[in-house]
Amino acid sequence: MKKFLIAGNWKMNKLTAEAAAFAKELKAKNFSNADEVAVLVPFTQLTAVGEGLAGSGIGFGAQNVHFEKSGAFTGEISVPMLEEIGVNYCIVGHSERREYFGETDETVNAKLKALIEAGITPILCVGESLAVREAQGEQTFVAGQLVADFNGLTREGAGKVVIAYEPIWAIGTGKTATPEQAEEMCAFIRGVIGGLYDNDLADKMLILYGGSMKASNAADLLAKPDINGGLIGGASLKIDDFSAIVDAAAQLK
Ligand code: 13P
């Protein structure tokens, strides 16, 4: 049976009371596929969301982390700090962090290693800009990100990573990649991972699509063989919209 992960990336949204209420409502949905659902929330909302989801099977996690365990890094949050809260997941290398906060493939690589060592599942984001796609360079670009981001990861470590293909031109723009475009790149990513490691590992890897995924287009995207789920921004902020995407995945089981 195909495995999915439907992950909501709240980005910088929701104060604590709203976040806690959302977690409770999500738990109350009693999704049959709860263990294939997660929400990635602001650091300050992690504890409330974790408490609200406790016992639901739904995972939760952060949107970023620092790669050092501790030290003079003002304003940063470490992997042990996330571990203490009991998070299951952490996004790494989201295009907004690469674009606005100086995230590089080197820092992404260090963060992957730190999270894997702690047993927290990284959700690694890759994806090209509109200019790169218009120049038909998307496969070369994404392959370059993958090679750099997985640099030095053992087979065992690599097997813990979830990849999210998020074309930058589709994020928050309402412009979704077509199911065919998304499938083509997710299949390509699986091939790159197969080349870096082996096909058995690549076949088992969860590869998500992200970029204006919503209830109305989720089923078509999720039905594609190489798309194992979604990393959902805007549509993850409303319980009904997010639940509809979770249900779409359940119906494909
Ligand atoms: P949107 O779903 O709002 O396009 O955001 C996608 C995204 O960046 C998820 O990480």
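Just so it is clear, none of the values below were taken in a lab; they were calculated from the coordinates. Model, not experiment: these values are computed from the prediction. Note: ideal-geometry Cβ built from the backbone for every residue, glycine included; neighbour counts use all protein chains shown.
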**Request:** Express as a percent, rounded to the nearest 5, the fraction of DSSP beta bridges in the chain (both residues included) that run antiparallel.
**Result:** 0
**Item:** Whole-number percent relative contact order across the stretch 1-152, with pairs defined as alpha carbons under 8 Å at least 6 apart
**Value:** 18
**Under the Karplus curve 6.51 cos²θ - 1.76 cosθ + 1.60, θ = phi - 60°, whole-Hz ³J(HN,Hα) for the stretch 123-133, x wherever Gly or Pro sits** = 10, 7, 9, 9, x, 9, 7, 4, 4, 5, 5
**Asked** How large is the charge dipole for the chain, taken about the Cα centre, if only the Cβ atoms of Lys, Arg (+1) and Asp, Glu (-1) carry charge, to the nearest 20 debye?
**Response** 460
**Asked** So who's got an amide H within less than 5 Å of the one on I77, skipping anything under 5 residues away but keeping other chains? H placed 1.01 Å off N, in plane.
**Response** H66
**Message:** Pick from A219, A118, A20 the residue whose mean-square fluctuation is largest in a GNM of the chain, springs joining Cα atoms under 10 Å.
**Reply:** A118
**Prompt:** Which listed residue (T47, L26, T107) has the Cα farthest towards the positive end of the charge dipole for the stretch 3-123, taking +1 on Lys and Arg C-beta and -1 on Asp and Glu C-beta about the Cα centre?
**Reply:** L26
**Asked** Around G8, which amide H atoms from residues at least 5 apart in sequence, or from another chain, sit under 5 Å from its own amide H, with H modelled in the peptide plane?
**Response** A38, V39, L40, I232
**Reachable lysines, given that their alpha-carbon falls under 29 Å from the alpha-carbon of K113 and they are not under 8 places away in the same chain** = K2, K3, K11, K69, K160, K204
**Fill in**
One point scatterer per Cα, no solvent, Debye formula: log10 I(q)/I(0) for the stretch 25-118 at q = 0.17, 0.21, 0.25 Å⁻¹ comes out as -0.76, -1.04, -1.29
**Prompt:** Can you give the calculated 222 nm mean residue ellipticity of the chain, where each DSSP H run of n ≥ 4 adds -39,500 (n - 2.57) and the sum is split over every residue, rounded to the nearest 500 deg cm²/dmol?
**Reply:** -13000 deg cm²/dmol
**Complete:** Result row for the chain, helices from DSSP H with C-alpha axial extent 24 Å or more and mean Kyte hydropathy at least 1.6, is none
**Prompt:** Want the number for A187 to E51: 0.36 nm per residue separation, take away the alpha-carbon distance, what's left?
**Reply:** 45.3 nm
**Request:** Can you tell me how much longer the chain between N13 and K175 gets when fully stretched, taken as 0.36 nm per residue apart minus their C-alpha distance, in nm with one decimal?
**Result:** 56.2 nm
**Message:** Rounded to two decimals, what is the ratio between the C-alpha radius of gyration of the stretch 85-156 and 2.2 N^0.38 Å?
**Reply:** 1.18
**Item:** Mean projection area, nm², convex hull over Cα of the stretch 58-207
**Value:** 9.4
**Asked** What fraction of the Cα pairs in the chain, stated in percent, has a spacing above 33 angstrom?
**Response** 12
**Item:** trypsin sites (Lys or Arg not before Pro) within the stretch 108-195: DSSP coil, no more than 13 neighbouring Cβ in 10 Å
**Value:** K175
**Asked** What do the square roots of 5 times the Cα gyration tensor eigenvalues come to for the stretch 166-249, in whole Å, largest first, as semi-axes of the equivalent ellipsoid?
**Response** 24, 13, 10
**Complete:** Given all pairs of distinct Cα atoms, the stretch 160-214 yields a Kirkwood Rh in Å of 11.7
**Asked** Could you state the number of Å between the C-alpha centres of the stretch 44-119 and the stretch 192-235?
**Response** 21
**Message:** Out of the chymotrypsin sites (Phe, Trp or Tyr not before Pro) in the stretch 43-104, which ones are loop residues according to DSSP with at most 15 other C-beta atoms within 10 Å?
**Reply:** F73, F101
